Each structure stands twice: as C-alpha cells, then as structure tokens.
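The values are calculated or read from the model by the stated rules, or taken from the named source; none is laboratory data. Bear in mind that the values here come from a model prediction, so they are computed numbers and not experimental data. Cβ coordinates were reconstructed from backbone atoms using ideal geometry, including for glycine residues, and neighbour counts include every protein chain displayed.
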C-alpha cells in the first residue's frame, strides 16, 4: 500500500504520507489514505455509484488539496464513501486541471466500521514533492 499514517505529527488530527511513481498515482494513494482515516477497511467500499471529478488550480500542490477536500465534501453532502479509480492531471491555461473518476457507495455503519469523521484537509505541513523515485505527499486532516 503506497501510504503510511503519521501518528506523531498531529494530536487532534490525522496525518499521512503517500507516494507514487507518477503524479496520478500519488493522488490515488492520497485518496485511499484519506478513505482509510474514515473507515477500517477501504476494500469494503463497493463501486455502486460513480462520480466524475474535474478541478482546476494555478498551483499543482493546491490541485491535490482541492481534490482531497472535494472527496470530503462529497462524503458530507452525499454521504458517499469513494475510491478513486482514475485521475489525470494536465497543464492547461496557466494552471493544472484534474479530471478523474471515483466510485463508491452510501455510508453504511453496519458494513463500514467508521473510524473518524474527516472535516477537512488542512494546509498545515501540506506538501507535494517530486523525488527521484516519483512523488510524495504529506497531508494532515482535521477530524
């Protein structure tokens, strides 16, 4: 699994570090880590409903920030737990556009063992860095 939780970084929040060989894969790893903060076993999230994702930001790091906050928003507004299947990030119009697809299902406490209710992704220690072996992100979420 291309992410790990960082229990010593934030006391009242949850933190994780995620990585991937490509920019697209680190976004998907971050989405899985985010889901893992909320539920015990993300493999139990079935792809019953599809959501198309489209975001734009002038800064690449902020595209990741907006992307993760969009997943939190969908969880709150539509009560959907999502797994991201596909993400593409392209430079466009002086910034970066993300398009993607996520699938998931309604929150069901009898099926999904809920761990924490993520309220938002924070900018505290937030980073997206290109490294020799790919990409790495550090994320803290408010729970």
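Screening residue 90 with (1) more than 25 Å from residue 134 (Cβ to Cβ); (2) assigned to a strand (DSSP E or B); (3) free of Cβ contacts under 8 Å to residues at least 24 places away in the same chain gives one miss only, at (1).
From 70, 52, 61, grab the single residue that is more than 12 Å from the chain's Cα centre (by Cα) and under 16 Å from residue 123 (Cα atoms).
Only one candidate qualifies: 61.
Among the residues of the range 39-56, just one is touching a helix residue (DSSP H, G or I) at 6+ places or on another chain (Cβ under 7 Å) and assigned to a helix (DSSP H, G or I), namely 42. When the test is whether a residue is at negative phi, at pLDDT 95 or above and buried (at least 19 other Cβ atoms within 10 Å of the Cβ), residue 102 passes it. Among the residues of the range 11-28, those that are in a helix (DSSP H, G or I) and touching a residue at least 60 places away in the same chain (Cβ under 8 Å) comprise 23, 24, 25, 26, 27. For residue 94, the conditions (1) closer than 18 Å to residue 2 by Cβ; (2) surrounded by fewer than 14 Cβ atoms within 10 Å (Cβ to Cβ) all hold with the exception of (1).
Is it the case that some residue within the range 57-79 is over 17 Å from residue 40 (Cα atoms), part of a strand (DSSP E or B), in contact with a strand residue (DSSP E or B) (Cβ under 8 Å, 6 or more places away or on another chain) and touching a residue at least 40 places away in the same chain (Cβ under 8 Å)? Among the residues of the range 57-79, not one is over 17 Å from residue 40 (Cα atoms), part of a strand (DSSP E or B), in contact with a strand residue (DSSP E or B) (Cβ under 8 Å, 6 or more places away or on another chain) and touching a residue at least 40 places away in the same chain (Cβ under 8 Å), which makes the answer no. Taken over the range 37-56, the criterion of being within 19 Å of residue 16 (Cα to Cα) and without any contact (Cβ under 8 Å) to a residue 60 or more places away in the chain is satisfied by 42, 43. Filtering the range 1-55 to residues that are under 18 Å from residue 130 (Cβ atoms), surrounded by fewer than 19 Cβ atoms within 10 Å (Cβ to Cβ) and at pLDDT below 95 leaves only 2. I want to confirm something. Restricting to the range 93-129 and keeping residues that are without any contact (Cβ under 8 Å) to a residue 24 or more places away in the chain and either in contact with a strand residue (DSSP E or B) (Cβ under 9 Å, 6 or more places away or on another chain) or in a strand (DSSP E or B) (or both), which single residue is farthest from residue 46 (Cα to Cα)? Restricting to residues being without any contact (Cβ under 8 Å) to a residue 24 or more places away in the chain and either in contact with a strand residue (DSSP E or B) (Cβ under 9 Å, 6 or more places away or on another chain) or in a strand (DSSP E or B) (or both), the top hit is 129.
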